[in-house]
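Step one of this worksheet: look at the structure below.
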Amino acid sequence: MPVTEACLTSGLGVSISPMSEHDLLEVVEIENSSRLSPWGWEAYHRELQTSDRRLMWVARLDPKPVDEKALAGYIAGRLAADELHINNVAVREAHRRTGIATALLGRLLAEARACQASRAYLEVRAGNAAAQALYEACGFCVVGRRRHYYSNPQEDALIMAAEIGESA
């Protein structure tokens, strides 16, 4: 299924920018408050040292409200041949369901397309209906299942894919 136009545009009051080392403490804080399989500071730092750093983005509220953290969310992906694997997407709880994840996903998919990626893949918890709905709205569909993929709590992962290249 091709990526939908709704995922590629956003009228939010956020700015999407490349992730940097200065963002990592907040990235890990957001990760820890989400139900993600934890990477931790070191793993993100290692990823920022690679050429795939162009596939790591953060969302900042624009302008930043007083008494709030700078980052509202982040996304991290990796290219392998002509395929994008979306590793992590997370948004602070206070800013969920506002379109920030859609904006981050759209930015990552646009960058992957510029890198000649033709398809995108991700895993999502089988019980995470909100994330599945987001991905489906952006053109992803379920293509498989990984049994007992997640821990804490143990849960299956659904594998989702979308066409993002020229033929999409």
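The values are calculated or read from the model by the stated rules, or taken from the named source; none is laboratory data. Because the structure is predicted, anything quoted here is derived from the model rather than measured. Cβ: placed from backbone, ideal geometry, glycine included. Neighbour counts: every protein chain shown.
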Test: residue in the range 83-99 that is assigned to a strand (DSSP E or B), polar (S, T, N, Q), touching a Leu at 6+ places or on another chain (Cβ under 6 Å) and within 26 Å of GLU29 (Cα to Cα): yes
Only listed residue being without any contact (Cβ under 8 Å) to a residue 60 or more places away in the chain, surrounded by 15 or more Cβ atoms within 10 Å (Cβ to Cβ) and more than 18 Å from ILE100 (Cβ to Cβ), chosen from GLU21, GLU47, GLU31: GLU47
Search result, residues across the range 135-168 that are hydrophobic (A, V, I, L, M, F, W, C) and at pLDDT 95 or above: PHE140, CYS141, VAL142, VAL143, ALA157, LEU158, ILE159, MET160, ALA161, ALA162
Test: residue in the range 106-119 that is modelled with pLDDT of 95 or more and over 25 Å from SER15 (Cβ atoms): yes
Test for ARG97: is it among the basic types (Lys, Arg) and either surrounded by 17 or more Cβ atoms within 10 Å (Cβ to Cβ) or modelled with pLDDT of 95 or more (or both): no
Residue, modelled with the lowest pLDDT, within the range 59-81, restricted to residues that are in contact with a Gly (Cβ under 7 Å, 6 or more places away or on another chain) and either buried (at least 22 other Cβ atoms within 10 Å of the Cβ) or not in a strand (DSSP E or B) (or both): ASP62
Residue that is nearest to the chain's Cα centre (by Cα), among those in the range 136-168 that are part of a loop (DSSP other than H, G, I, E, B) and of a type outside the set (A, V, I, L, M, F, W, C): GLY139
